[in-house]
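This report refers to the structure that appears directly beneath it.
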Amino acid sequence: MRLARHRRLAAMLCIVLGAGGCRDRVVEFEPDAVLRAVNGLTAEQSASIDAALVELFGSPNEPRLPADLPRMAELCGLAALEQAAGPVASHEVGVVHGLYRRHCARCHGVTGDGRGPTARYQAPYPRDYRRGVFKWKSTYRDAAPTAADLDRVLEHGVPGTAMPSFRLVSQEERDILRQYVVYLAIRGQTERVLVDFVANELPAGEPLEFEGDLRDEIVADYLTPIVNRWADAGTLVVEPSPEPPRTDEGLLVGVEAFHGNIAGCAACHGVNGQGGAQGMANYQVDYDIWNRDRLVLKPNEELQRVLARDLPVRPTTPRELVEPGSGGLVIPHGGASTGDLYRRLHQGIAGTPMPAYGSLRPGERGVLSEQQIWNLVHITKAWMEKDPVPGD
Ligand code: HEC
Ligand code: HEC
């Protein structure tokens with residue numbers, strides 16, 4: 001009732017203020033124009049995908065939880081999504097609606113595509129949630145982050161990047177924002193598989209008719225696994241092995257491993273982690289997946305048009321692990337504890353060229369032993385914190 005009255009009021013205000021005042025009321029999720037152009041979809045095919053997405057997930061002002069995907073309710077509640085969505089407003093004392101647009105959209109975009117109005121000026125760019133890939137997490141490389149991982153990012157931000165801490169936002173509101181991030185990620189991943197399905201499984205030019213048996217098949221084979229990956233993330237947490245004591249001998253072995261061929265850290269991070277690896281013979285300029293998505297060898301005309309308006313593609317920069325000069329310390333983006341660094345080395349950094357050195361699945365062998373990983377954690381931490389290292 002209250003909401004309906006509010007909408008009527010807003011509509012009247014629109015008439016009074018003219019069209020400019022109502023732009024918020026027609027906000028739509030942006031189609032992934034790159035993906036659709038890469039796959040050469042027709043306008044009709046694209047529209048059929050948009051219709052399916054609206055039916056499943058609703059709009060930025062009126063989110064929906066698809067009934068076909070019951071496990072989504074384990075990850076996000078409709079009441080939370082409704083409070084995070086929509087324009088910023090307060091209809092009841094103390095309850096703020098539109099939390100996502102208030103706190104996040106200027107960087108991450110209304111769609112969660114990492115293309116908010118301020119994104120262009122940031123390095124790294126704000127995360128594009130639509131791939132469901134996140135960097136600073138505790139799970140196996142290919143797994144989704146846990147709720148605790150996202151909560152931590154929201155509480156502490158990503159130090160050393162534009163991603164701020166939201167410690168001043170209440171725990172309850174952060175909880176709501178996390179659920180909305182998961183919703184946007186699942187919606188984005190759904191868009192990706194639908195585009196893929198239309199491009200590769202349907203006869204050329206045929207639009208998606210998202211109903212009947214075809215709908216059941218797509219939900220079972222493509223959409224349910226997306227949601228299961230999120231719902232099961234908690235079972236795929238990597239627990240660091242017991243940390244051995246840090247010794248001078250271990251540090252020296254770590255330095256050697258850092259420059260050796262098996263770990264190959266120096267090829268990206270430079271001699272003693274000093275950066276500048278770009279000059280080294282075996283360094284190859286590389287891109288994270290969010291940028292790589294747009295590196296198409298022979299872009300068609302539509303894609304050229306889309307890319308011209310898009311954020312400039314940028315190569316990844318392996319971190320410098322020591323600050324030049326005698327001053328500051330290096331702040332790791334994913335947390336500075338030895339446990340955090342262990343996870344960075346064990347599973348690498350998802351979506352980026354930083355490789356995993358531990359096993360990629362429970363029970364498998366990794367590239368390095370636990371002891372070797374700990375030696376590298378200790379030497380990395382010593383460099384970052386400017387601790388004296390034997391032999392320097
Ligand atoms: C001033 C810009 C800015 C604002 C505002 C902002 N972010 Fe971010 N966010 C970033 C940047 C930049 C990154 C990428 C950091 C990186 O790649 O290490 C990021 C990354 C993230 C990540 C990914 C972390 C990971 O593990 O990969 C999440 C989740 C996130 N932000 C959620 C939010 C939410 C929710 C809000 C609003 C409450 C928000 N952000 C507001 C800039 C911003
Ligand atoms: C193929 C290139 C590559 C190799 C090999 C590589 N890294 Fe990285 N590393 C990267 C990139 C790229 C980043 C930055 C990722 C980002 O933040 O987007 C990074 C980031 C890091 C970070 C920062 C983590 C944080 O929380 O910010 C540490 C520490 C690190 N690497 C250590 C190592 C060590 C130790 C090795 C060898 C065992 C290694 N790297 C091997 C590319 C590489």
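Key figures for this structure:
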quantity	calculated
Amide H contacts under 5 Å for residue 58, placed H, 5+ residues apart	64
Burial ranking of peptide ranges 137-145, 157-165 (average Cβ count within 10 Å, highest at the top)	137-145, 157-165
Folded to 0 to 90 degrees: helix 338-347 orientation relative to the chain principal axis, Cα	70
Nearest 10 degrees, 0 to 90: helix 370-384 Cα axis against the chain principal axis	90
FRET efficiency for residue 74 and residue 167, using Cβ-Cβ distance with R0 set to 30 Å, rounded to 0.05	0.70
Mean Cβ count within 10 Å, highest first, over the residues of peptides 168-180, 72-84	72-84, 168-180
Segment 50-137: C-alpha gyration tensor shape, a/c 1.5 cut-off, then a/b vs b/c	oblate
Helix-only [θ]222 nm of the chain, DSSP H runs n ≥ 4, -39500 (n - 2.57) each, per residue, nearest 500	-12500 deg cm²/dmol
Alpha-carbon gyration tensor eigenvalues x 5, square-rooted, for the chain, Å	41, 24, 21
Those residues of segment 40-70 whose amide nitrogen sits under 17 Å from the label point placed on residue 304, 7 Å along Cα→Cβ	40
Summed side-chain charge close to residue 64 - residues other than residue 64 whose Cβ falls under 12 Å, Lys, Arg +1, Asp, Glu -1	-3
Protection-proxy order for peptides 371-378, 218-225, each taking the mean of Cβ atoms within 10 Å per residue, highest first	371-378, 218-225
Linear extension gain, residue 54 paired with residue 289, 0.36 nm per residue minus alpha-carbon span	82.0 nm
FRET efficiency, 1/(1 + (r/R0)^6) with R0 45 Å, evaluated for residue 297 and residue 88 via beta carbons	0.60
Angle between the chain longest axis and helix 147-156 axis [Cα atoms, degrees, rounded to 10]	80
Size-normalised alpha-carbon gyration radius of segment 272-392, reference 2.2 N^0.38 Å	1.31
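Taken together, the values in this text are just the output of simple stated rules run on the coordinates, not laboratory data. Everything numeric in this text was worked out from a predicted model, so none of it was measured. In this analysis, Cβ positions are derived from the backbone assuming ideal geometry, glycine residues included, and neighbour counts consider all displayed protein chains.
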